[in-house]
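The values are calculated or read from the model by the stated rules, or taken from the named source; none is laboratory data. Since the structure is predicted, the reported quantities are computational estimates derived from the model, not experimental observations. Please note: Cβ atoms are built from the backbone with ideal geometry, for glycine as well, and neighbour counts cover all protein chains shown.
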Amino acid sequence: MTTAVVATSFGGPESLELVETEVPAPGPGKVAISVLAIGVNPIDLKLYGGQMGNDPGSLPMRLGFEAAGVVTAVGPDANGPEGPVSVGDEVIVFRISGAYAGDVVVPASALVRKPVSLDWPQAAGLMLTGATAVHLLTATDVGEGDTVLIHGASGGVGLMAVQLAGLRGARVIATASEHRHGLLEELGAEPVTYGDGLLGRVQALAPDGIDAALDLIGSDEALETSLALVADRDRIATIANFSAGSAGIKVLGGGPGADPGEEIRAGARVPLARHAGDGSLVVHLGATFPLDEVADAHRLVAAGKANGKVILLP
Ligand SMILES: NC(=O)c1ccc[n+]([C@@H]2O[C@H](COP(=O)([O-])OP(=O)(O)OC[C@H]3O[C@@H](n4cnc5c(N)ncnc54)[C@H](OP(=O)(O)O)[C@@H]3O)[C@@H](O)[C@H]2O)c1
């Protein structure tokens, strides 16, 4: 048996409960993992918050797309993207369903080796934001010599996108609250405060124009500023505004009409682990909570006050 988190109704964090559940022996192509850290993402809250549909048939709902831990059992023919899997392997699992648990049984295809230099919380918080950032940068073809505007650059996806755009040789202009500007500067970006006058502040920083824009917020301001600054709409992408397709920009992710980019995101995992392992990509942690304080963890994420990845520890 293991402890898992489920949402028993659609609503806020009060809907979350801990339950005891069976851990089946892994079947063909599957492995069992003892989970040591779990990444929390805003989508986890949206799923039981009703923003992505409210079919009562999906309750009780297991949560969580990413975790890190140790392989405890291996089913027949269990090969990961990096080859055969063995008991004792330290791994990152992404993308899976129901990561909020002490033990999970998952397809071996979801496993990536955890770099030894990464601690468990960093490993658990790397993949969802990192793979999303890779998808954004690939879809907008950001590369050497480009100037890219990133809206919401101080969040989980934003900090990944800032670093990965830098690794691609791009100049990054990054919107964030002022108390986050220091970190963005350390990461090589040029921070600007969002809100009234954003367009003028970005134009002052980049009088020759912006080549690509990434919207991680979904606000009217992010969309309008991007449309005003970037000539080629194929080089504007959003992960948070699912009605923006009518403006001719790219809408990415799991929402209606969006490009899920499954191959790009899955293919990003091994390179992300390599970058994180050699220190060229850093997972910025906000707070960790024991699994039984999951509701408080979600309240922190909902309040937008995490200042980095929120991690659950079973
Ligand atoms: N479609 C997909 O595939 C996909 C994948 C991952 C995430 N998402 C979505 O993308 C969004 C960001 O995810 P995340 O994990 O990065 O969230 P997060 O870590 O909670 O970050 C949210 C950030 O938003 C910033 N912010 C709030 N209001 C803002 C505004 N008006 N303008 C600019 N920045 C603002 C905050 O920055 P300050 O503290 O600096 O104010 C905060 O750091 C969420 O809506 C999430 O659901 C979508």
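Okay, here's what the table says:
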| item | result |
| --- | --- |
| Per-region count, segment 216-253, residues within 9 Å of the ligand (Cβ to nearest atom) and outside any loop (DSSP other than H, G, I, E, B) | 5 |
| Candidates A306, A295 - the one that is within 11 Å of the ligand (Cβ to nearest atom) and assigned by TED's automatic domain parsing to the domain that holds W120 | A306 |
| Selection status of L111, under 22 Å from E262 (Cβ atoms) and within 14 Å of the ligand (Cβ to nearest atom) | no |
| Considering residues of segment 122-145 that are among the hydrophobic types (A, V, I, L, M, F, W, C) and outside any helix (DSSP H, G or I) only, the residue surrounded by the most Cβ atoms within 10 Å (Cβ to Cβ) | L126 |
| Subset of segment 293-308 (residues that are in contact with a Ser or Thr (Cβ under 9 Å, 6 or more places away or on another chain) and in a helix (DSSP H, G or I)) | A295, A297 |
| Those residues of segment 269-292 which are surrounded by fewer than 20 Cβ atoms within 10 Å (Cβ to Cβ), more than 10 Å from the ligand (Cβ to nearest atom) and either of a type in the set (K, R) or assigned to a strand (DSSP E or B) (or both), in sequence order | R274, L285, A287, T288, F289, P290 |
| Enumeration of residues in segment 18-54 that are within 16 Å of the ligand (Cβ to nearest atom) and modelled with pLDDT of 95 or more | I38, G39, V40, N41, P42, I43, D44, L45, K46, L47, Y48, G49 |
| Residue selected from segment 175-203 under the condition among the hydrophobic types (A, V, I, L, M, F, W, C) and away from the ligand (no atom under 11 Å from the Cβ), by the criterion surrounded by the most Cβ atoms within 10 Å (Cβ to Cβ) | A189 |
| Unique residue being in a strand (DSSP E or B), crowded, with 21+ Cβ neighbours inside 10 Å and out of contact with any Gly (no Cβ under 7 Å at 6 or more places or on another chain) when the list is V157, V148, V162, V172 | V148 |
| Selection status of R180, of a type in the set (K, R), over 21 Å from the mean Cα position of the chain (by Cα), modelled with pLDDT of 95 or more and in a helix (DSSP H, G or I) | no |
| Which numbered condition A276 misses (of (1) assigned by TED's automatic domain parsing to the domain that holds V6; (2) at pLDDT 95 or above) | (1) |
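Rundown of residues vs (1) of a type in the set (S, T, N, Q); (2) under 19 Å from the mean Cα position of the chain (by Cα); (3) on the phi > 0 side of the Ramachandran plot, yes/no style:
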position: D215; (1), (2), (3): no, yes, no
position: L227; (1), (2), (3): no, no, no
position: N241; (1), (2), (3): yes, yes, no
position: G245; (1), (2), (3): no, no, no
position: I264; (1), (2), (3): no, yes, no
position: A268; (1), (2), (3): no, yes, no
position: A297; (1), (2), (3): no, yes, no
position: A302; (1), (2), (3): no, yes, no
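This table checks each residue for (1) surrounded by fewer than 16 Cβ atoms within 10 Å (Cβ to Cβ); (2) out of contact with any Asp or Glu (no Cβ under 9 Å at 6 or more places or on another chain); (3) among the aromatic types (F, W, Y).
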{"residue": "A37", "(1), (2), (3)": "no, no, no"}
{"residue": "N41", "(1), (2), (3)": "no, no, no"}
{"residue": "Y48", "(1), (2), (3)": "no, yes, yes"}
{"residue": "Q51", "(1), (2), (3)": "yes, yes, no"}
{"residue": "P56", "(1), (2), (3)": "yes, yes, no"}
{"residue": "L63", "(1), (2), (3)": "no, no, no"}
